[in-house]
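The values are calculated or read from the model by the stated rules, or taken from the named source; none is laboratory data. As the structure is a prediction and not an experimental result, all values here were calculated from the model. Glycine gets a Cβ as well: all are built from the backbone with ideal geometry, and neighbour counts include every protein chain shown. Surface accessibility is based on the protein's heavy atoms, side chains included, excluding ligands, DNA and RNA. Shrake-Rupley method; radii C 1.70, N 1.55, O 1.52, S 1.80 Å.
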Amino acid sequence: MNLICKITILLTGLLMLTATYAADKKFDLGAEISLLRRADMLPTYRTGIVEQISSYDTTGGNNDGFSGQYSYIRKENGKLVIADLKGPGVINRIWTPTPTNDTLSFYFDGEKTPRLVVCFNDLFSGKVFPFVKPICGNEVGGFYCYLPIPYRKSCKIVFGGERIMFHQIQYRDLSGYDVTTYDKAQYESLRGDLEKTLATWADISPVMSQYAEGSSAGYMTEEKTFLLQAGDETAFFEKTAGGRVTGLEINGGRSFEGLEKDIILKAVWDDESTPAVYAPLADFFGYAYGKPAMRSMLIGSYGETNYCFFPFPFDKNAKISLIYKKRQGSVQSPVQITAKTFYNDVKRDKDKEGRFYTNWKREIRPADGKYYCFADLKGKGHYVGTVHWAQGLRAEMTQFFEGDDSTYVDGKMRMHGTGSEDYYNGGWYALLDRWDRGISLPLHGSLDYSLPLSRTGGYRFYMADKMTFEKELFVGIEHGPEGNRYPVDYASIAFYYSDNAPTAVSEPSEELRTVYIPSEHSFYPQLMDITLGSGVRAVHQRGLRLYAADGGMVRIMLNDIPEGVYTLSLSYFDKPTGADFCVWQRQKQLSDWKSTKAQEEKLQQRQVMGEITVTPQTNSISIHIRKNGGGDEFEIERIYLEKIKN
């Protein structure tokens, strides 16, 4: 063998050895736990595709867990295998609205005996270490676990009961990493990292100092107070050298509230021709239908402070402004604003970090048959958040929120959800103490829920589970249970980091800056706000069943309804046990006494009771009930209001 061949073989061997060592990057569980609070790490690119196993109906129907048909992969020894993941990898999120007291057994790396056996409920209860609150917990109807669970070769999860319903398991590929498989002792040794993360998640009034580490350390503060007039654009932060904005706080009193969202937040990095951020300020900070609503750990509002701690790295310059859009035929008062910008001189690492971008949009009546699109991106980057406002255009149950989310990464579907509130870690809309109101948690929550206004909304942010893409990304959600046919008014903001600026932004026209208020409203029994008078008891069973002892009344509040004059209608059941009823608004009788006694049960639909005037002082009706012979029951199916005039 000649010398050249020997050198070639030697060099090849060295290259292979180098590649082997490069492939053995050590997975750091402590760093992974820290990612759940390290906002400074959000701009950093990362390898490893994020995917998800869920119980979604693979036929395209809406049986996403109800029957359990699509909730497991196979049966083994009478038990249900719900995940069979190949490693190396890490599970970043487990969600369900239907935990049970059955066991979950985690078999790692082909082991015959499960290394982790836990009651399904105790993934979320906080009773079993290391599944601790608040990174594991439940609210708005959903149970979530964000504790990272690593595996070197494989992870098989087996459910010990006979039937499992809804679930989602989100995991990340760690090819090229040397991963130490789940071991409870690891977490014991990392209690310090875990405690810091838990403290950040538990703080409901986040401040910049919580996130001042890594590339966000050593920040300075620039504060500007100014009067913003309609038609003005005012820059409150400008920098002509590389650096990064580490946070924002904007205070305008209550000026950002209301149905008209005319103040726009705009940000431009590095002289790009398209703004990186261009959205109504109220939407950016998660207001819902005119009121502050979102209070996440990264962005939202508390008191009169609107805050954002997503880092904005840039190469050579940055400009952040507020624009006050004029409104045709309106007198718009000037707004006094105080803006604080936190920043430092750590400019973007072009090879390792993306720039921050958002995609704001609103579609009134999206096209039938098509997903509503949160983001359709080209380039390299990662997706870090969704804020979504969902308004139905029918005065009925919020069935549009049955729609599933779907995510395609680099041309392949990687995640498919099981319902809209499920995507936001919730569950069971229109049920008491489930998805029934606005509730904020560190990374997810409900923005609002109103059956009378047929609207809701949610948000979800990604930290350790941010969704990496190398070429392209699509994130969308269905509007309606099947086929994307439900008429809706949807708005959203997508948050992401990328090497590729958007080519265009949506212009918030006057119509798109105005909160939609329906003129027709429905009240469903399960969320009615009622007060019982003497002589009446109530049971919610199918409808609202009212039983009269010696006669009495029940008051029903008409919450959320704008002022105006309305036609009031009731749908109710005639039945053999039917009582008599009449409707009042305070001391004014609206309807005559009506009998609901009949030989056979029949639903009387939308029977007109009269006209009512709704104001903050007269936003209620009262149902008076009396026995009809042996009949003592009056069952309301629904209440309707149809606006006649303002």
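The test for being on the phi < 0 side of the Ramachandran plot and open to solvent by less than 10 Å² (accessible area, probe 1.4 Å) holds for Ile164. Looking at the structure I just gave you, is Thr20 assigned to a helix (DSSP H, G or I) and either modelled with pLDDT of 95 or more or open to solvent by 40 Å² or more (accessible area, probe 1.4 Å) (or both)? Yes, satisfied. Of all the listed residues (Asp183, Asp173, Asp193), the sole one being closer than 21 Å to Ala464 by Cα, at pLDDT below 95 and surrounded by 14 or more Cβ atoms within 10 Å (Cβ to Cβ) is Asp193.
Quick one: in the range 212-231, of everything that is part of a loop (DSSP other than H, G, I, E, B) and open to solvent by 60 Å² or more (accessible area, probe 1.4 Å), which residue is farthest from Lys325 (Cα to Cα)? Residue satisfying both the conditions and the ranking: Gly218. For the range 236-263, give me each residue that is surrounded by fewer than 16 Cβ atoms within 10 Å (Cβ to Cβ) and either touching a Ser or Thr at 6+ places or on another chain (Cβ under 8 Å) or not in a loop (DSSP other than H, G, I, E, B) (or both). Hits for the range 236-263 are Glu238, Arg254, Leu259. Just one residue in the set Asn484, Asn500 is within 25 Å of Ser406 (Cα to Cα) and open to solvent by 30 Å² or more (accessible area, probe 1.4 Å); that residue is Asn500. Of the strands (runs of 3 or more DSSP E) lying entirely inside the range 558-639, the ones with 3 or more residues being open to solvent by 60 Å² or more (accessible area, probe 1.4 Å), free of Cβ contacts under 8 Å to residues at least 60 places away in the same chain and not small (Gly, Ala, Ser) are found at 602-614. Go through the range 434-446 and report how many residues are in a strand (DSSP E or B), of a type in the set (A, V, I, L, M, F, W, C) and open to solvent by less than 10 Å² (accessible area, probe 1.4 Å). So the count comes out to 1. Annotation note: Cβ proximity below 8 Å between a residue of the range 182-211 that is under 21 Å from Thr246 (Cα atoms) and outside any helix (DSSP H, G or I) and a residue that is open to solvent by 60 Å² or more (accessible area, probe 1.4 Å) and not polar (S, T, N, Q) (sequence gap 6+ or interchain) occurs for Ile204/Arg295.
Looking at the range 409-420, which of its residues are at positive phi and open to solvent by less than 10 Å² (accessible area, probe 1.4 Å)?
Within the range 409-420, just Gly419 meets the criteria.
Counting only strands (runs of 3 or more DSSP E) that sit wholly inside the range 276-335, those with at least 2 residues that are crowded, with 22+ Cβ neighbours inside 10 Å and touching a Ser or Thr at 6+ places or on another chain (Cβ under 9 Å) are 277-280, 312-314, 318-324. Of all the residues in the range 126-157, those that are among the aliphatic types (A, V, I, L, M) and open to solvent by 10 Å² or more (accessible area, probe 1.4 Å) number 2.
Let's see how each residue does on (1) in a helix (DSSP H, G or I); (2) closer than 15 Å to Tyr144 by Cβ; (3) touching a Ser or Thr at 6+ places or on another chain (Cβ under 7 Å); (4) open to solvent by 10 Å² or more (accessible area, probe 1.4 Å):
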{"position": "Val384", "(1), (2), (3), (4)": "no, no, no, no"}
{"position": "Ala395", "(1), (2), (3), (4)": "no, no, yes, yes"}
{"position": "Thr407", "(1), (2), (3), (4)": "no, no, no, no"}
{"position": "Leu432", "(1), (2), (3), (4)": "no, no, no, yes"}
{"position": "Thr456", "(1), (2), (3), (4)": "no, no, yes, no"}
{"position": "Tyr459", "(1), (2), (3), (4)": "no, yes, yes, no"}
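Look at the range 351-371: where a residue is under 23 Å from Lys266 (Cβ atoms) and a partner is basic (Lys, Arg) and surrounded by fewer than 19 Cβ atoms within 10 Å (Cβ to Cβ), sitting 6+ places away or on another chain with Cβ atoms under 9 Å, you get Gly354/Lys380.
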